[in-house]
Each structure stands twice: as C-alpha cells, then as structure tokens.
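Student: The following block contains the structure, expressed as structure tokens.
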Amino acid sequence: MLRRTNVFKAPNAGSALRCRDVIITANYLSLRIQKIKTSRFKGGTFDIPLPRLDEQSFCPTLSVLSLLKASQLMPPKSPLFSTIHNGSRQPYTPQMFSTTLKHLLKTSGYKPQHFSIHSFRRGAATFAAAAGIFEDVIKAQGTWRSSCYKRYIDRDVELRQQFANQVKEAVSRTLS
C-alpha cells in the first residue's frame, strides 16, 4: 500500500527507501518511511510492518531479505532498489519500475496499459478488504487521512456475487 514516492527516488521528492530503512525483527520486517504525503504523518518517520509468510513464494519479508543479502556490500544510505548505469549505482526510479513492469506484463500476455505502479496500492487495499481487514487498519497501513481509500477498493465482483445470491434467495422464497 506504499506510495511510489515512499519507495523510489522521484524528481522533486525526498530520498528513496534505503537499505538502513529496513528493520528486521523475529516475526516481521518493518520499512521505515522517511516522508509521508499526508500531513498527519509529517515531521517524523513512519514504520510499516510487513508480515513474514513462511513457505510462501510471495512473502514480502523474504523478498526484502533476499534483496538485502544480494546488496549487503552497499552502504546503509544506499537506495534499497537500485541499478548499475554507466558503471555507477543509481536509484531505481518510478519510470524504470514502470517500464520494467509493463515489459513483464506484456511478456506474460497481459495488457500493460491496464496497470501502473499505483495498481499495487489499489490491489493491496482491495485484497485487504476482501480478506476482512477492518477499514481503519487498511486506512492506517496505507497512510490515508480521509476515507478516499475506499475508492481504491474494487468490490465489483463481490457486489455482483452478492446481488446474484440475493436474487436467488428472493426467487426461492417466491416459489416456495
């Protein structure tokens, strides 16, 4: 649910997420975000815990730990996500991520124009809502100040299924 400016170095923005911003504990990993867009969190850091999903290939904690292990020779101030360009390490930018994402989607048979970096924020909010996570928790994890986060949650399939079930029940009652 992170904003791209919390992860990647963007023009006119603060620094990217750095290696030293990863805090490791026994049960989870936490990302220390330096700048938050919403004024409620300005003036300090904000830690976002990521769960450890043992034995899962999509575990965010294990992915970040693998990235840290691969980049263990980098100084703590180095961007967590970076690339080598012309012999020097450069922060991975939102544009670089977007280009890579679109290439991977196209290669996998998806229509890249239907996705963006922001799709991850929306997808995480939708998944959390579908999993039954309380709205206040979703709002806090995504650092939303207002209820605008509700616009990110795609409930269309769920609502159509609910409609079909209610119609089925109403027809059954009518025929009984």
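Every number in this text was worked out from the coordinates using simple rules, so none of it is lab data. Computed from a prediction, not measured in an experiment: that's the story for all the values here. As a convention, Cβ positions derive from the backbone with ideal geometry for all residues, glycine included, and neighbour counts pool all protein chains shown.
Student: Just to verify a number: FRET efficiency for K35 and F163, C-beta to C-beta distance, R0 = 41 Å, to 0.05? Each step should come with its number before you reach the end.
Tutor: Values: r = 42 Å, r/R0 = 1.03.
After rounding to 0.05, the efficiency reads 0.45.
Student: Between S146 and K111, take the C-beta separation as r, use R0 = 25 Å, and let me know the FRET efficiency to the nearest 0.05. Could you put the intermediate results ahead of the total?
Tutor: Values: r = 31 Å, r/R0 = 1.25.
It comes out at approximately 0.20.
Student: Which semi-axis lengths, in whole Å and largest first, follow from the square roots of five times the eigenvalues of the Cα gyration tensor of the stretch 105-164? Please report the intermediate quantities before stating the final value.
Tutor: On the way: eigenvalues 103, 61, 17 Å².
Ellipsoid half-lengths, sorted descending, are 23, 17, 9 Å.
Student: Moving on to the next point. Give me the distance in nm between label points sitting 7 Å out from Cα along the Cα-to-Cβ direction at L73 and R89, one decimal.
Tutor: Spacing of the two 7 Å Cα→Cβ label points: 1.0 nm.
Student: Right, another one. Quick check of the Kirkwood formula: for the chain, what is the inverse mean of 1/r over all pairs of different Cα atoms, in Å?
Tutor: 18.7 Å
Student: Okay, moving on. Most exposed first by the Cβ proxy, i.e. fewest other Cβ within 10 Å, how do R52, R151 rank?
Tutor: R151, R52
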